[in-house]
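J.: To start, I am sharing the structure in question, which I have written as structure tokens.
The values are calculated or read from the model by the stated rules, or taken from the named source; none is laboratory data. Please read these numbers as outputs of a predicted model, since none were measured by experiment. Here Cβ is always computed from backbone atoms with ideal geometry, including for glycine, and neighbour counts include all displayed protein chains.
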Amino acid sequence: MKHDIFLPIKKYLATSHKRIKNMPRKGVISKFAEKVGLLYFGMVNQHSDEHEIVRGLTVSSTHHDNHFCIGTVNGYNVSIVNRSDVKHIPDGRIVPYDWLIFAVELKTQVAIPHFFINAKNTDHKPYAALFSTYPNMKEVDLSAFKSYDSEFCGRFTVYARPAKTQDIQQIITADTAKVLGAHFWPLAIEQHNNVLYLYSTHEKITSSLLETMLENGLWLARQLDLEKASEA
């Protein structure tokens, strides 16, 4: 019999999804979706279901998506998903990861450089795939030529292609960074292909967390759109 090298992963994911489905996340997320006008679909299969997959740095061939929601809020197309995946690490262990993800489609048609803003003093391993998939993404210092708020610099690290540092400075202005430093920690932020992603690795999903992520995501999407519009 041919050995299935993915069997341990499949077994874990099957157990993990049973565990997640039995937790009160469904009630919290579905009620939130109804409140803000999103459609709740529950679990979706990336390989067979007909839906627009939430991409970003956590997408993989083995991830599983649950509590998928989609719709329009304040004129922005918004998706929410609770994504789980497992990764092999060098010591042989299979480590589970779990993200709550908000994806907001930007309105600007002007291409924005890929950037990732990670919260300091948090576990960085859930986002390690970024650096293996995009090895040209490096830590960039936005304050090298401009003054940035100390709270933002103390709480977040910004990653992008070094050649795009100046472009990122024009997008993440000092005023925008000040708000990020005050209100976004410990969320992680990615912008890729003109879609904004907010990530949380909180084990407990609450209505307060959902509201914060939606409010923050819509605010930052508007800021990015306004910055690109001002350049036109």
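J.: Quick test for you: out of K146, K178, pick the one residue that is among the basic types (K, R), surrounded by fewer than 16 Cβ atoms within 10 Å (Cβ to Cβ) and at pLDDT 95 or above.
T.: K178
J.: Here's another thing I want to ask about it. Which pairs turn up if I take residues in segment 102-123 that are closer than 15 Å to R161 by Cα and free of Cβ contacts under 8 Å to residues at least 40 places away in the same chain and look for partners that are in a loop (DSSP other than H, G, I, E, B) and of a type outside the set (D, E) with beta carbon separation below 8 Å, at least 6 apart in sequence or on another chain?
T.: Matching pairs, first to second residue: none at all.
J.: In segment 131-142, how many are crowded, with 16+ Cβ neighbours inside 10 Å and in contact with a helix residue (DSSP H, G or I) (Cβ under 7 Å, 6 or more places away or on another chain)?
T.: 3
J.: Continuing with the same structure: Are any residues in segment 53-84 closer than 18 Å to H192 by Cβ and surrounded by 20 or more Cβ atoms within 10 Å (Cβ to Cβ), and if so, which ones?
T.: V54, G56, L57, T58, D65, V78, S79, I80, V81, R83
J.: Among the residues of segment 201-220, count how many are modelled with pLDDT of 95 or more, within 21 Å of V59 (Cα to Cα) and touching a Ser or Thr at 6+ places or on another chain (Cβ under 9 Å).
T.: Qualifying residue count for the region: 1.
For every residue, the table says whether it meets (1) buried (at least 17 other Cβ atoms within 10 Å of the Cβ); (2) of a type in the set (A, V, I, L, M, F, W, C); (3) part of a loop (DSSP other than H, G, I, E, B); (4) out of contact with any strand residue (DSSP E or B) (no Cβ under 8 Å at 6 or more places or on another chain).
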| residue | (1), (2), (3), (4) |
| --- | --- |
| E190 | yes, no, no, no |
| Y197 | yes, no, no, no |
| H202 | no, no, yes, no |
| L214 | yes, yes, no, no |
| L218 | yes, yes, no, no |
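J.: Please verify whether segment 103-126 includes one or more residues that are modelled with pLDDT under 95, loosely packed, with under 12 Cβ neighbours inside 10 Å and closer than 25 Å to A182 by Cβ.
T.: Within segment 103-126, one or more residues are modelled with pLDDT under 95, loosely packed, with under 12 Cβ neighbours inside 10 Å and closer than 25 Å to A182 by Cβ.
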